Amino acid sequence: MAITRGFLGKRRPERPDRLPPGQYDTGSGWPTLTAEATPDLDVEKWSMSVDGLVERPQSWSWREMHALPSSTYFGDIHCVTTWSKFDTTFTGVSVDTLLEAAGPTDEAKFVMAHSTTGYTTNLPLEDLTGGKAWVVWEFDGKPLQRGHGGPVRLLVPHLYFWKSAKWVTRLELMARDRPGFWEQNGYHDRGDPWLEQRYQGDP
């Protein structure tokens, strides 16, 4: 599978403190990129589960998820294809809330995020805890658009955006890391934009 180094765009050096190396400010735009066909999900049939190495496997319906305490992220997002978007606002539920309900075991060190399309991406558990990750359904106060992962996606804004799995349905806790879709096709296992961890072999 071909992997591109990203898109061309206008770099805006006036905000270097917020722009990771190799990125450009996409401004008001938000490129729509996906590895699979965009599904049309019925929220009445959607569910979210947390399982694997947990004390209490959990599953929530759409309504049950919305009954959990809501949480909002305000900040920047960064895509491996070199665009960054400043001052985004996403609302949903903190992954901490879901993990607290499930109770990760001491052996749990990694997470595989699964989407309804079959897409997967792997993350260290510590990248999803401590207020660093959300399951979100609103962007800028409006329902998340299908092309951007709506009705619901994972949000891990401190990592490259392929880690924020669209159309997420499951978080599987694991003792050992294993690669997800893009990681099997050459992308970095972690994806820190400030370290430019784009591809296997990057620091």
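Bear in mind that the values in this text are calculations on the coordinates, not laboratory data. Note that the structure is predicted; figures quoted are calculated from it, not measured. Positions of Cβ are backbone-derived with ideal geometry, glycine not excepted, and every protein chain shown enters the neighbour counts.
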**Complete:** Along principal axes, largest first, the alpha-carbon spread of the range 41-158 in whole Å comes out as 37, 31, 28
**the chain, relative contact order [Cα under 8 Å, separation at least 6], %** = 23
**Prompt:** What pairs in Lys45/Lys163; Lys109/Lys166; Lys45/Lys109; Lys85/Lys109; Lys85/Lys132 have C-alpha atoms more than 19 Å from each other?
**Reply:** Lys45/Lys163; Lys109/Lys166; Lys45/Lys109; Lys85/Lys109
**Message:** If R₀ is 25 angstrom, what is the calculated FRET efficiency for the pair His66 and Ser28, using the beta carbon separation as r and rounding to 0.05?
**Reply:** 0.30
**Item:** Inter-centroid distance (Cα atoms) of the range 176-197 relative to the range 81-102, Å
**Value:** 18
**Prompt:** Just how far, in whole angstrom, is the range 31-57 from the range 138-173 if you go by their alpha carbon centroids?
**Reply:** 9
**Prompt:** Roughly how many nanometres apart are two label points built 7 Å out from the Cα toward the Cβ at Trp194 and Arg56?
**Reply:** 3.5
**Prompt:** Of all DSSP beta bridges located in the chain, what percent are antiparallel, nearest 5?
**Reply:** 85
**Item:** Gain in span if fully extended, Met174 to Asp40, counting 0.36 nm per residue against the direct Cα distance
**Value:** 45.3 nm
**Request:** Compute the Rg/Rh shape ratio of the chain: radius of gyration over Kirkwood radius, all on alpha-carbon atoms.
**Result:** 0.95
